[in-house]
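K.L.:
Before we start, here is the structure in question, set down as structure tokens.
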Amino acid sequence: MQLWVLWICLCLSTLGYADVDKTLKQPAWVAMVNTWPLPSASFNAFSSALQTADASNTRASVLRGVISRRILAQYLAREHLTPAVNPQKITRLTQAMLARLPALSASQQQVIHTLVKDQQIQQHYLQDIGALNAIHSAKTALMRVAKSIPQAEVARYYAAHPERFKQIDSIQAQHIQLHNQATADLVYQHLQSGLPFSQAVARWSEAEDKTLPVPGDLGTLQNGDVKLTLMQKIALLQPLKQISRPYRARHTWHLYWVRAQTHKILALDGSVGLNIRILLAQQQIRQAYLSTLQNAIQAAKIQLNTQHFKGTLFHE
């Protein structure tokens, strides 16, 4: 068994998993952890000690996540907020994890089962509060929070971040049309080496517009014009004054050069307002979750057991 797997199993074996109800009844609501000798510590002190002990911080990060999920699960149970989870799914995930590990004792298997259950509790809790909800469904917790954001707060965010609502209005661009990828790649290399775009159009482009006063000129393309072709829409996506990589369109390849752009600030209409509400709701939900987790962490104490990990970097 890899050391970190055994290490997690041993650590979890005294996290209160075997007797959660008894743990919850303790006034200090203590989570027991096997690691190097320290008398008692808060979660933050324990996390700091983990970081010091594990130079790579890999195992420390794993254990911090395991402990925080265990603490959260206990806190939610204590506050009668535990979300509904699927026991069959937990069993299936546990069996899949155990199948990848060497043979474990019954107590170690129970540890893995509880680890999986804690992960599922955390995931379902995040779903319930809207942190993992898809934004396309108006019935999700995220959308319920979004709809509760006051219009004045939406307007303040819009006024404070105008750059986030800037959109390309129109461009002036040129293109090179070629019949195969090999030629397109060759032309791209020449352009990258400093060949002016207009010269490349005149030399290689197979489109009739190569003879225009501005070779390969696409004219002015207006964002939102329903008559734009796919390749014209792709031109609108290109950065200003940067040579594009070749794009394939059926039987031709195109390279673009955008020589000018104009921009506009989107109005605070329904779609912009909704996007702001979703963003603010996500921030609000995240802050609420972090606050819940911090309350749980502050209520928990870590008692350290000196009986394990002799001869490892986690034991003095």
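Please treat every number below as a calculation from the coordinates, not as lab data. Keep in mind that what you see is a predicted model, and the values were worked out from it rather than measured. Here the Cβ is made from the backbone with ideal geometry for all residues, glycine too, and neighbour counts use every protein chain on show.
K.L.:
Taking H placed 1.01 Å from N in the peptide plane, check which residues at least 5 places from Leu218 or on another chain put their amide H under 5 Å from its amide H.
P.N.:
Under 5 Å from the amide H of Leu218: Ala173, Gln174, His175.
K.L.:
Work from the charge dipole of region 166-265 (Cβ charges, +1 for Lys and Arg, -1 for Asp and Glu, about the Cα centre) and give the residue of Ile243, Leu186, Ala207 farthest towards its positive end.
P.N.:
Result: Ile243, furthest along the dipole toward the positive end.
K.L.:
Right, something else. Working from the alpha-carbon coordinates of region 166-265, get Rg over Rh, Rh being the Kirkwood radius.
P.N.:
Ratio of gyration radius to Kirkwood radius: 0.96.
K.L.:
In addition: Take the alpha-carbon positions of region 104-190, form their convex hull, and give its projected area averaged over all directions (one quarter of the hull surface) in nm². Don't skip to the end; give the middle numbers.
P.N.:
Values: hull surface 59.1 nm².
Reported value for the Cα convex hull: 14.8 nm².
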